[in-house]
Every structure is written in structure tokens, then in C-alpha cells.
Amino acid sequence: MKGKIGLNGGVGLNKQCLPFFAAILIAVLIIAPGIAAADFKDQRTDPAGFQNVTANKAHKMIEEGDAFILDVRLPVEYDYGHIAGAKLIPLRDAPKIDPGTLPKDKLLEARLKELPHNKYKKIIVYCMQGHRSIDACKILVKAGYKNVYNLHDDKKQTGGINAWVNEGYPIVFDPAKWASGYPHNP
């Protein structure tokens, strides 16, 4: 490599190399933010726009006080037991389980205004096992929410309030209803 000796005794760059180094620098400055953003997106959400979280992670987010908890089960299931502070907005009606048929205006899609107005607020969604909550998460993402979390542990293949209880976290429940047995899942 041809170089020049500078005043400080170091080797300087030939002026012919400057355009080459400038082109490399510009390419790095253009490409690097795209790579960083893609990596961040992959870690944050799945293609559906929400992320599954374990009961441990959900519990931590709730303890930090920066999460809205959404229970999408039926009123009879909620009354049986729920996570403290959870807002009940059923995803769908299931007359076979809960004889009190819910009209459409009592279901999630009609009640989105009851959710946080801040679309960046963390929302943890749960049901009994983590299946209905997937549909609820999709509705929230479609409504523009950016930080939606489904309570489901992919490794253990369990979710919802079942995963919460299995990890030993407390729920609010009525002992008499608890003793009578959990309603069947719709």
C-alpha cells in the first residue's frame, strides 16, 4: 500500500483511496439502521403483530405497573377466578357454557373504546389456555395497538390463566365457585 508519512510520523491515506472509503462509510450508514430495525422487530413481535409471553414475563410486566390486563373469557369463567386488576371483555359468546347469552355489543370488537387510548400501552391478553386470546390479540393489533402480549408459554405448550396458576401466581377467586369446578372451555 502506498502511503504518506504525516507530521506525527504515522502513515496517511492516499487521496485516491478517499472515494473508496467514503463509499464504504455511506453504505454502512445506509444499511446498518435497516439491519438493526429488522433485528429489533424480529425480537419484539411475530408476524401477527403480537408476542407470546410466559406467566413469569407477564407477572414481571404487571409488577412494573406498565401493563393493562385483558381477560377475554366469559363472565362465568372470570367469576370463577381471574388475575387481579384484569378487565373482563369477552371475545365471544358461548351459550353452552354461560347461559347468559352475551349480545354483540358486550364482546371485544364492540368494546375497544374501553381499552387504553394510548396505542403503545402494553396489553397482556389471556383466556383459559391461550387460544381465544390469540384471536383477541389479532383484533387488538388490527385496531392499532403496538404492544400486545398473549399469555402463552411456547416451550411448555400452555397458556392463559392455567399457565399463570401453574407458575404459582395468585388469582382472585370465590372459594365456593372454585369448589364447584371450572366451566368447560368453549
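Taking the conditions (1) aliphatic (A, V, I, L, M); (2) over 16 Å from ALA84 (Cα atoms); (3) exposed (fewer than 15 other Cβ atoms within 10 Å of the Cβ) in turn, ILE171 satisfies each one other than (2).
Test of understanding: among ASN150, ASN162, which residue is touching a Ser or Thr at 6+ places or on another chain (Cβ under 6 Å) and surrounded by 14 or more Cβ atoms within 10 Å (Cβ to Cβ)?
Working: ASN162 fails: touching a Ser or Thr at 6+ places or on another chain (Cβ under 6 Å).
None of the others qualify; the one that does is ASN150.
If you go through the stretch 164-186 and pick out every residue that is under 15 Å from ARG73 (Cα atoms) and at pLDDT 85 or above, you end up with 4.
The listed residues are TYR120, TYR145, and the only one of them that is crowded, with 21+ Cβ neighbours inside 10 Å, in a loop (DSSP other than H, G, I, E, B) and of a type in the set (Ser, Thr, Tyr) turns out to be TYR145. Of all the criteria given as (1) under 26 Å from ASN56 (Cβ atoms); (2) in contact (Cβ under 8 Å) with a residue 40 or more places away in the chain; (3) among the small types (Gly, Ala, Ser); (4) part of a loop (DSSP other than H, G, I, E, B), the one not satisfied by SER133 is (4).
Each row is one residue, and each column tells you yes or no for (1) touching a Leu at 6+ places or on another chain (Cβ under 9 Å); (2) within 16 Å of VAL172 (Cβ to Cβ); (3) charged (D, E, K, R); (4) in a strand (DSSP E or B).
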position: ILE62; (1), (2), (3), (4): no, yes, no, no
position: PHE68; (1), (2), (3), (4): yes, no, no, yes
position: ARG73; (1), (2), (3), (4): yes, yes, yes, no
position: TYR78; (1), (2), (3), (4): yes, yes, no, no
position: ALA84; (1), (2), (3), (4): no, yes, no, no
position: ARG92; (1), (2), (3), (4): yes, no, yes, no
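Residue pairs whose Cβ atoms lie under 7 Å apart, sitting 6 or more positions apart in sequence or on different chains, and linking a residue in the stretch 140-154 that is over 13 Å from TYR120 (Cα atoms) to a partner that is basic (Lys, Arg) and not in a loop (DSSP other than H, G, I, E, B), do not occur here. All told, LEU140 meets the bar of being touching a strand residue (DSSP E or B) at 6+ places or on another chain (Cβ under 6 Å) and outside any strand (DSSP E or B).
The values are calculated or read from the model by the stated rules, or taken from the named source; none is laboratory data. A quick note: this is a predicted structure, and the numbers were derived from the prediction, not measured. Glycine also receives a Cβ, built like all others from the backbone with ideal geometry; neighbour counts cover every protein chain displayed.
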